[in-house]
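Derivation of every value follows stated rules applied to the coordinates shown; laboratory data play no part. From a predicted model like this one, the values you see are computed outputs, not experimental measurements. Cβ: placed from backbone, ideal geometry, glycine included. Neighbour counts: every protein chain shown.
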């Protein structure tokens, strides 16, 4: 199961896929205010195009972003030249320092191709976390992956975007397809051309109890899970928000 982002990474922000990172930045700022303290350093696993780092620039937090997609990291380095970004798998990265917070956001946990892979990522998060630090991640549940069973269309001047998918309940897995037609610069007296960009993503989910068992097995003793959408009940939540400590 591969989720390598190729050409899609160059258009990721244009197509609005960076909105989750902006939302997460607001949520994290509220978390910092609630604690009365912000982390001095953050390791952002599967950082994408660096939108979170850009949104939290004025906090003074030192960020290290990691993503397996070279295209995503290329965009992040251009967008956030003051940041540190590394091309690597979230399960394999080994750094010589620990962080006050480790993040794994926007379905990134669902991108792991097996339970064993997810376990290695959790273990790696614990390895890079300070003793009093926080590991925060979100996770699409079965209800969340089922929502891909519909066709969505977004039309703007710059592009027309389609996203749709199919959920396989017996595998707890969804095939997700993103297709965009992006308007290119028009030449004089000629109609604009459109570039087609296509991306397939495979996402997998697991029973919440299995996630908690994995986290405890990796050394996390304090685990809090809540619906990402506060209006949802936790048993029927489409996305869960985990806050964990060693």
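Observations on the structure shown:
- When the Cα atoms of the chain are aligned to their principal axes, the ranges along those axes come out at 64, 45, 34 Å in descending order.
- Overall, the ratio between the Cα radius of gyration of the range 203-242 and 2.2 N^0.38 Å, rounded to two decimals, is 1.22.
- Gain upon complete extension [residue 32, residue 195; 0.36 nm per residue less C-alpha separation]: 54.5 nm
- Expressed to the nearest 5 percent, the antiparallel share of DSSP beta bridges inside the chain is 65 percent.
- Stokes-Einstein diffusion for the range 144-204, with the hydrodynamic radius set to the Kirkwood value over Cα pairs and evaluated at 37 °C in a medium of 0.692 mPa s, equals 252 µm²/s.
- Among 232, 53, 170, the residue with the largest mean-square fluctuation in a Gaussian network model of the chain, with springs joining Cα atoms closer than 10 Å, is 170.
- Protection-proxy order for peptides 127-133, 203-209, each taking the mean of Cβ atoms within 10 Å per residue, highest first: 203-209, 127-133
- Per the Kirkwood formula applied to alpha carbons, the range 78-142 shows a radius of gyration over Rh ratio, Rg over Rh, of 0.98.
- Cβ-based exposure ranking for 224, 72, 172, in which fewest neighbours within 10 Å come first: 224, 172, 72
- Rounded, prolate or oblate (a/c below 1.5 giving rounded, otherwise prolate when a/b exceeds b/c) for the range 135-179 by Cα gyration tensor: oblate
- Sorted by Cβ neighbour density within 10 Å, fewest at the top, the residues 13, 44, 107: 13, 107, 44
- Radius of gyration over Kirkwood radius for the range 111-246, both on Cα atoms: the Rg/Rh ratio is 1.12.
- Here the label points at residue 94 and residue 158, each 7 Å from Cα along the C-beta direction, are separated by 4.1 nm in the simple model.
- Calculated [θ] (222 nm, deg cm²/dmol) that DSSP helices of n ≥ 4 give over the chain, each run adding -39,500 (n - 2.57): -7500 deg cm²/dmol
- Value of relative contact order over the range 144-204, rounded to a whole percent, pairs C-alpha under 8 Å and six or more apart: 28 percent
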